[in-house]
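J.: Before I ask anything, let me first share the structure, which is written out below as structure tokens.
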């Protein structure tokens with residue numbers, strides 16, 4: 001049977017190394033001159049050679065390219081030191097023989113501090129306009145973090161200062177340390193990677209980014225826009241402890257809290273155990289004094305109550321109330337007697353008035369009431385005729401009579 005791999009191989013038409021290299025060279029040769037900015041990580045001056053070979057390193061990533069220029073071009077802005085920040089105008093060149101890419105410099109300019117500061121000021125204004133410096137977005141630092149994330153240089157004094165001062169204040173504090181490059185082109189990428197790693201750790205409650213002092217150029221990685229935006233997006237509080245008091249990279253403005261020095265960061269990230277114990281002791285003393293004062297006050301009040309006459313002679317309140325009740329009873333008796341007397345007088349007057357107006361009183365004066373046999377009262381003589389039977393009602397008793 002035929003080998004399938006052999007069948008697929010025969011259907012492929014590969015390029016030769018020369019052909020592919022020449023194709024790449026044709027593409028590269030068609031490119032125009034470009035301006036490139038970076039740092040000179042290597043400067044190789046060969047005695048007697050008119051060409052100087054250098055490597056141009058990216059300012060924020062661990063990448064570099066090979067560049068070369070004639071000695072007269074290099075000497076036009078000499079002296080240039082290693083790690084100098086420059087802008088070059090160059091034409092890319094592809095060496096077909098060894099398959100390497102190089103850039104031939106036709107002009108080179110050094111980027112001055114003034115220009116870098118102008119760029120930082122523009123970036124600062126941009127980030128401020130976006131609200132990355134606003135106090136309202138800054139997160140509070142935890143009182144006592146479980147684990148402190150620390151990003152520092154390899155075997156750096158700044159990292160040691162943070163750890164030493166933090167443990168001096170709170171001996172049991174735990175650190176998750178990431179040692180990275182903090183002074184070259186790899187600083188931005190390595191610090192960013194360490195920050196992402198610590199941000200993803202749920203045990204890390206706060207992250208410190210620190211390095212010692214340095215020149216303006218040394219601290220530029222901590223004003224890199226990509227790093228600043230990454231710090232602004234973190235949910236974990238960030239402490240910036242870059243350089244000394246006079247140093248002010250833009251990281252100080254984006255971070256949640258700025259420490260003037262690495263030592264200051266170590267003191268700020270955890271409380272002082274002795275101070276906290278002293279504060280607890282003072283609070284206990286205050287609480288004990290407050291409780292004792294309250295007890296003394298209540299005892300004093302109870303003693304005051306007990307010293308009152310009412311507590312010494314409880315019957316006094318009964319006696320005083322009894323006198324009041326007796327007074328009320330006497331007043332009620334007097335009031336009732338007066339009311340009964342007035343009522344009696346009114347009744348006597350009504351009795352006299354009733355008696356005066358009574359028909360019986362009229363009869364007592366000698367009058368009589370004449371009634372017919374049917375009981376009707378005779379008021380006039382014309383109502384009677386001879387022989388009518390009458391009944392006379394006198395003051396005492398009744399008699400019958402017949403008219404004539």
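J.: Are any residues in region 175-187 within 18 Å of residue 263 (Cβ to Cβ) and not in a loop (DSSP other than H, G, I, E, B), and if so, which ones?
T.: 175, 177
J.: In the set 98, 104, which member is in a strand (DSSP E or B), without any contact (Cβ under 8 Å) to a residue 60 or more places away in the chain and farther than 30 Å from residue 223 by Cα?
T.: Result: 104 is the single residue among 98, 104 that is in a strand (DSSP E or B), without any contact (Cβ under 8 Å) to a residue 60 or more places away in the chain and farther than 30 Å from residue 223 by Cα.
J.: Give just the number: which of (1) touching a residue at least 12 places away in the same chain (Cβ under 8 Å); (2) loosely packed, with under 10 Cβ neighbours inside 10 Å; (3) part of a helix (DSSP H, G or I) does residue 385 not satisfy?
T.: Failed condition: (3).
Per-residue answers, yes or no, for (1) in contact (Cβ under 8 Å) with a residue 12 or more places away in the chain; (2) surrounded by fewer than 18 Cβ atoms within 10 Å (Cβ to Cβ); (3) touching a strand residue (DSSP E or B) at 6+ places or on another chain (Cβ under 9 Å):
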position: 178; (1), (2), (3): yes, no, yes
position: 188; (1), (2), (3): yes, no, no
position: 191; (1), (2), (3): yes, no, yes
position: 198; (1), (2), (3): yes, no, yes
position: 203; (1), (2), (3): yes, yes, yes
position: 206; (1), (2), (3): yes, no, yes
position: 211; (1), (2), (3): yes, no, yes
position: 224; (1), (2), (3): yes, no, no
position: 233; (1), (2), (3): no, yes, no
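J.: Same structure, new question: Kindly state which helices (runs of 4 or more DSSP H) lie completely within region 298-367 and contain at least 3 residues that are over 30 Å from residue 391 (Cβ atoms).
T.: 309-312, 315-357
J.: With under 25 Å from residue 216 (Cα atoms) and touching a helix residue (DSSP H, G or I) at 6+ places or on another chain (Cβ under 8 Å) as the only criterion, which of 80, 40, 56 stands out?
T.: Exactly one of 80, 40, 56 is under 25 Å from residue 216 (Cα atoms) and touching a helix residue (DSSP H, G or I) at 6+ places or on another chain (Cβ under 8 Å), namely 80.
J.: Residue by residue through region 225-266, note down the ones that are on the phi > 0 side of the Ramachandran plot and either in a helix (DSSP H, G or I) or outside the structural domain of residue 199 (by TED's automatic domain parsing) (or both).
T.: If the condition is that a residue be on the phi > 0 side of the Ramachandran plot and either in a helix (DSSP H, G or I) or outside the structural domain of residue 199 (by TED's automatic domain parsing) (or both), then no residue fits.
J.: Pick from 286, 312, 294, 301: which is farther than 30 Å from residue 237 by Cα and exposed (fewer than 10 other Cβ atoms within 10 Å of the Cβ)?
T.: Step by step, each of 286, 312, 294, 301 is checked, and only 312 is farther than 30 Å from residue 237 by Cα and exposed (fewer than 10 other Cβ atoms within 10 Å of the Cβ).
J.: Which of the residues belonging to region 115-130 are assigned to a loop (DSSP other than H, G, I, E, B) and touching a strand residue (DSSP E or B) at 6+ places or on another chain (Cβ under 9 Å)?
T.: none
J.: Exactly one of (1) within 23 Å of the chain's Cα centre (by Cα); (2) at positive phi; (3) in contact (Cβ under 8 Å) with a residue 40 or more places away in the chain is unmet by residue 131. Its number?
T.: Going through (1) within 23 Å of the chain's Cα centre (by Cα); (2) at positive phi; (3) in contact (Cβ under 8 Å) with a residue 40 or more places away in the chain one by one, residue 131 breaks only (3).
J.: Being part of a helix (DSSP H, G or I), in contact with a helix residue (DSSP H, G or I) (Cβ under 7 Å, 6 or more places away or on another chain) and more than 23 Å from residue 275 (Cα to Cα) is the filter here, so list the residues in region 131-174 that pass it.
T.: 158 - this is the single residue of region 131-174 that is part of a helix (DSSP H, G or I), in contact with a helix residue (DSSP H, G or I) (Cβ under 7 Å, 6 or more places away or on another chain) and more than 23 Å from residue 275 (Cα to Cα).
The values are calculated or read from the model by the stated rules, or taken from the named source; none is laboratory data. Quick caveat, the model's predicted, so the values are computed rather than measured. Please note: Cβ atoms are built from the backbone with ideal geometry, for glycine as well, and neighbour counts cover all protein chains shown.
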